[in-house]
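Computed from the coordinates by the stated procedures, all read-outs in this text should not be read as laboratory data. In this text, all values refer to a predicted model and were calculated from it rather than measured experimentally. Neighbour counts run over all protein chains shown; Cβ positions are idealised from the backbone, glycine included.
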Amino acid sequence: MSGKIISAKQAVELVRTGDTLAIGGFVGFGIPEELLESLRQRFLETAMPRDLTLYHCAAVGDGKDRGANRLGCEGLLKTLICAHIGLEPALNRLTVDNKIATYMIPQGVTSHLLRAIAGKKVGVLTHVGLKTFVDPRLEGCKANDAAKQAGDVVKLLSIDGRDQLLFPSFPINVCFIRGTYADEDGNISMQREAVVSDQLEMAAATHNSGGIVIAQVDQILERNSLKPHDVKIHGSMVDYVVQGSREFSHQSYLSDDYHPEWSGECRVPLTGLAPIPLTERKVIARRGALELRPGMLVNLGIGIPDAVAAVAAEEGVADRITLSIESGVLGGVPLSGVGIGGSVNAAAIYKMPDIFDVYDGGGIDLSCLGAAQIDPAGSVNVSKFAGRVVGPGGFINISQNAKKVCFCGSFVAGKQRLEIRDGRLSILEDGTGIKFVPALEQVTFSGDYARETGQEVLYITERAVFKVTDRGLTLTEVAPGVDLNRDVLGKMGFAPAIADDLRDMDARLFRDEPMGLAF
């Protein structure tokens, strides 16, 4: 057998105190779980290594104890640089308690930064993040006080009179990535992976930094047994291979079983989906679906926004648009929960840096995203609120560059009881949390930047619709049946501008039968 093949225990012994460790994967896909658990065990037994800088692009976790959560041991990490920790409560605790210095960077930047490191470039120069918390004029990506003390990860430059952000490159000492198969020379295939993400770029960045590339795979094959088209990372960039045990070798956190329809090895019949019930979620999704046009490339956030796809299916227009996910998957039916990032019957599976090239250049026609807080300028916060650090994920790349963006969510926070029938909305019991606030805890989307670029922006709730205008956040539609002053203006922390042609929301949104949406 090749000298490249070692055990997980041997592999984690190669990580030294003070190293920068990069880990691949997207939420629950492509996670080198055995390597992460082995590193955790080594630290618990020996208190070594210590003070690591952990770098990952997408969220890596299940919201409980898997993925990057395995590294949430006090003393193991000193610094965290990533895009999202909403599924990493162990790292969130360390961040909130200032036990580690945490930086939140747009997900597209994190994946492109791997390319820059691999190519020995100065870094990533981009407009993404201007006038958000990423901008050094606001917070400079610093998620806590520990980061404010530790230093900077982004610089503001002026290039030909245009503001740009520079994210400098840095060396990566070790990376943990995952593939499906490896041959004895260390060539890596991802045949059974539902998401390719950034594994190649991470291996190249680490290899060209003089670091150690360690790949966990499901199975090791004979030399020269992989087809050239199936080799996604050449063995020249892979130092060691670990064959994962069954316990730590799953295609996704969503299921212990292998699903070939997720990886594109086959397609399965899609049985008719029952329409989602008529609730506030469906009303909001229906209003978002009214913005769909034939041939659009669409990105949907999780939660209420992803119901737009269900409405499009019910209305018979889903096959006229292409849904995309920032993991790089296009087409098909997106998975939900910890399966986010994958899709059933995908039309194409890109690498994550490649899809962000499309996104950053304005390739998305429409995006429907969530919003936790909205201010008078139309700026939005989704990244830091209620004592939690979440991070932006791909939100900034997507929201800042989509031709049209719809922020979709309930008008208030907290429990509410609604009656929706006969084309009208009645509010029987209202939530107590105010989402339209005078000032944001953190700026993840800038209404001012949207006005400067001429972007079309809507804010869709079950009882009102707003848009960005020169007057700031402007009310344009109100649900039939609600009282404007009591149910809308009286539940906001500021007075919005009101359109001269204020009108009722389409009554079809509030009826049980399909809307009859047609292109």
Paramagnetic reach from A495 (point 7 Å along Cα→Cβ, amide N under 18 Å) across the range 368-382: 375-378
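Please order I396, I364 by the number of other Cβ within 10 Å, starting at the fewest.
Values: I396 28, I364 23.
Listing I396, I364 from fewest to most nearby Cβ atoms yields I364, I396.
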The range 216-250: trypsin sites (Lys or Arg not before Pro) in DSSP loop, at most 15 other beta carbons within 10 Å: R223
Percentage of interatomic Cα-Cα distances in the range 272-406 larger than 22 Å: 35 percent
Using alpha-carbon coordinates, inclination of helix 199-208 to the longest axis of the chain, degrees: 50 degrees
Label-point separation in nm, T46 to L484, each point 7 Å along Cα→Cβ: 7.1 nm
Selection from L297, A371, I340 lying farthest towards where the dipole of the range 244-394 points positive, charges on Cβ: A371
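Work out the length of the dipole vector of the chain about its Cα centre, built from +1 on the beta-carbon of each Lys and Arg and -1 on the beta-carbon of each Asp and Glu, and round it to the nearest 20 debye.
Magnitude of the dipole: close to 680 debye.
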Set of the range 441-466 residues, backbone N closer than 17 Å to the point 7 Å along the Cα-Cβ line of R424: 463-464
Separation between Cα centres of the range 400-458 and the range 299-335, rounded to whole Å: 20 Å
Calculated P(r) of the range 171-247 - Cα pairs past 20 Å, %: 22 percent
Matching label, volume of the Cα convex hull per residue in Å³ computed from the structure shown, candidates (i) 155; (ii) 144; (iii) 167: (ii)
Quarter of the Cα convex hull surface for the range 280-510, i.e. its orientation-mean projected area (nm²): 12.2 nm²
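Suppose a student asked you for the relative contact order of the range 406-476, using Cα pairs under 8 Å spaced at least 6 residues apart; what percent would you report?
30 percent
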When the convex hull of its Cα atoms is projected in every direction, mean area for the range 8-245 (nm²): 12.7 nm²
Pairwise FRET efficiency - A386 versus L157, Cβ, R0 = 22 Å, nearest 0.05: 0.05
Helix-only CD estimate at 222 nm, as mean residue ellipticity for the chain, using -39500 (n - 2.57) per DSSP H run (n ≥ 4): -5500 deg cm²/dmol
